[in-house]
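Input: a single structure, listed below in structure tokens.
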Amino acid sequence: MFRSLRRALCAAAAALLLILAGVGAQTVHADPADAVDRAAAPGAGYWHTSGRQMLDAAGQPVRIAGINWFGFETANYTPHGLWARDYKSMIDQMKSLGYNTIRLPYSDDLFKSGTVPNSIDFSGGKNADLQGLGSLQIMDRIVAYAGQGGLKVVLDRHRPDAAGQSALWYTSAVPESTWIANLKALATRYRGNSTVIGIDLHNEPHDPACWGCGDTTRDWRLAAQRAGNAVLSVNPELLIFVEGVQTFNGVSGWWGGNLMGVAQYPVQLDVPNRVVYSAHDYATSVAQQSWFSDPTFPANMPGIWDKYWGYIFKQNIAPVWVGEFGTTLQSTIDQKWLAALVSYLRPTSTYGADSVSWTFWSWNPNSGDTGGILKDDWTTVDTVKDGYLASVKAPGFPGGGGDPGDPGDPGGGTAACTAAYTVSSDWGGGFNAEVKVTNSGTVALKSWKVTWTWPGTQKVTSMWNASYTQSGSTVTAANADHNGALAVGGSASFGFGGAPGGGGAPAVSCTAT
């Protein structure tokens with residue numbers, strides 16, 4: 001709510017600064033001890049959902065405890081602060097403070113041919129490897145370095161263009177078709193790079209956006225389903241983050257913060273276990289709300305959060321991620337609000353990853369009505385503000401990753417993969433199965449192949465997303481052209497039909513190059 005003021009203040013501040021693993025799995029690995037260590041560290045690979053939890057590729061629960069770093073969505077077309085510091089030092093500092101995920105807002109302007117990133121300081125060797133790159137190439141570099149350090153990234157379609165936010169997911173200048181095409185382009189760009197765990201489809205839908213009203217021009221829930229399915233059609237491993245609206249059944253809240261409609265109208269996607277609901281919540285430095293003047297404040301706040309979005313977590317419907325929350329902390333009310341919200345998110349030391357996920361707004365100091373974790377010099381940490389978040393921070397994730405399609409480390413890292421075979425349906429006369437291949441090595445893969453031997457007379461009748469040969473009961477499946485390249489921790493899946501049924505899941509081996 002009232003976010004155009006904040007964004008205008010952000011832009012003004014920026015201008016002033018310019019004068020930023022499954023059944024039947026077998027591992028082929030040069031160092032088994034290292035494989036065990038990597039498997040024990042939560043967060044590897046792509047994630048999926050189960051009830052209110054997000055789980056990593058090995059089924060371990062994970063918690064997003066991160067930070068928003070904005071700028072791609074502005075007329076700088078690159079994260080803010082690069083006019084003051086090297087981007088790697090910025091990401092290193094985020095990691096050192098205990099943030100494990102970066103939410104990167106962007107606008108659809110990044111896909112226009114005339115877009116040129118600006119306000120980057122290259123003096124003294126700063127940002128040297130960004131020189132001459134376009135905005136999407138800079139995003140590649142940031143994703144790659146974040147992944148190497150064990151951070152995950154959520155991409156956030158924040159605006160249709162750099163001019164400002166929009167209530168609906170489309171405008172006359174940026175129609176729904178463009179929105180979806182660009183979402184698919186990003187999903188394709190980072191396919192196989194599990195540093196990017198998902199996409200926040202649109203930032204802060206608000207009136208006249210509705211949830212469940214059935215009007216396809218305004219119903220954000222239906223639009224999220226269309227866009228989510230489009231994203232998953234090209235990258236089925238991604239999480240789909242869906243924000244709320246402003247008003248449901250006459251009850252209003254923060255822009256993007258009202259998820260009351262999920263109970264009656266859940267988002268339903270073609271790929272199961274991919275939806276994460278995202279709420280935004282703010283304090284009085286952004287705008288006044290009636291609950292701040294309630295005589296029982298702050299004791300009334302858990303009930304407010306329960307009503308708008310917390311029930312989704314408490315009723316085990318789906319994971320909840322508070323994608324934005326922030327404050328200048330200048331008023332006593334705001335200090336009490338932040339302490340209450342952090343407690344509501346559930347301390348990591350008590351609940352582990354069975355908690356509400358979050359990304360704080362913002363890393364940037366130039367957010368006009370919240371400020372940031374960094375102070376105005378873009379280096380000094382606001383230790384008081386950062387300290388409020390200490391109890392809900394969470395460990396980072398296994399490092400790795402790289403640019404999409406990176407051929408890997410020519411210096412001699414280990415290429416390895418695992419494969420998990422799952423029977424999805426069996427009707428006696430035939431069956432369908434899926435095999436998920438995961439890069440468990442220390443370098444990016446260029447290709448992979450999977451082999452198994454059935455104990456019976458089964459034959460492959462059809463296969464998709466891979467090619468195969470079968471000799472007797474032994475099948476060898478090799479990657480297709482589009483899914484052979486896998487970043488460290490990245491995964492790809494292929495499926496097939498076979499006959500007869502009743503064969504169960506054989507042991508599988510995976511060979512990587």
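The values are calculated or read from the model by the stated rules, or taken from the named source; none is laboratory data. Because the structure is a prediction, the values reported are computed rather than measured. Glycine also receives a Cβ, built like all others from the backbone with ideal geometry; neighbour counts cover every protein chain displayed. For the accessible areas, the whole protein counts, side chains as well, though only heavy atoms, and no ligand, DNA or RNA atoms are used. Shrake-Rupley method; radii C 1.70, N 1.55, O 1.52, S 1.80 Å.
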Check your understanding: Taking region 213-237 as the region of interest, how many residues are in a loop (DSSP other than H, G, I, E, B) and either open to solvent by 20 Å² or more (accessible area, probe 1.4 Å) or under 20 Å from residue 324 (Cα atoms) (or both)?
Key -> 7
Practice item. Please list, ordered by first then second residue, the pairs with beta carbon atoms under 6 Å, 6 or more apart or interchain, first in region 159-182 and modelled with pLDDT of 95 or more and in a loop (DSSP other than H, G, I, E, B), second hydrophobic (A, V, I, L, M, F, W, C) and open to solvent by less than 50 Å² (accessible area, probe 1.4 Å). Key: 160/174; 167/209; 168/209; 169/179; 169/223; 170/179
Exercise for review: Scan region 24-56 residue by residue and report those that are in contact with a His (Cβ under 9 Å, 6 or more places away or on another chain) and modelled with pLDDT of 95 or more.
Suggested key: 54, 55, 56
Practice item. Please work out which residue is nearest to residue 134 (Cα to Cα), limiting yourself to region 45-77 and to residues that are open to solvent by 20 Å² or more (accessible area, probe 1.4 Å) and in contact with a helix residue (DSSP H, G or I) (Cβ under 7 Å, 6 or more places away or on another chain). Key: 77
Check your understanding: In this structure, is residue 193 closer than 17 Å to residue 105 by Cα, open to solvent by less than 10 Å² (accessible area, probe 1.4 Å) and polar (S, T, N, Q)?
Key -> no
Review point. How many of the residues in region 114-145 are over 14 Å from residue 88 (Cβ atoms), out of contact with any helix residue (DSSP H, G or I) (no Cβ under 6 Å at 6 or more places or on another chain), open to solvent by less than 50 Å² (accessible area, probe 1.4 Å) and part of a loop (DSSP other than H, G, I, E, B)?
Key: 2
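Matching residues to (1) within 30 Å of residue 442 (Cα to Cα); (2) touching a Leu at 6+ places or on another chain (Cβ under 7 Å); (3) modelled with pLDDT of 95 or more:
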{"position": "355", "(1), (2), (3)": "no, yes, yes"}
{"position": "358", "(1), (2), (3)": "yes, yes, yes"}
{"position": "370", "(1), (2), (3)": "no, no, yes"}
{"position": "389", "(1), (2), (3)": "no, no, yes"}
{"position": "393", "(1), (2), (3)": "yes, no, yes"}
{"position": "402", "(1), (2), (3)": "yes, no, no"}
{"position": "408", "(1), (2), (3)": "yes, no, no"}
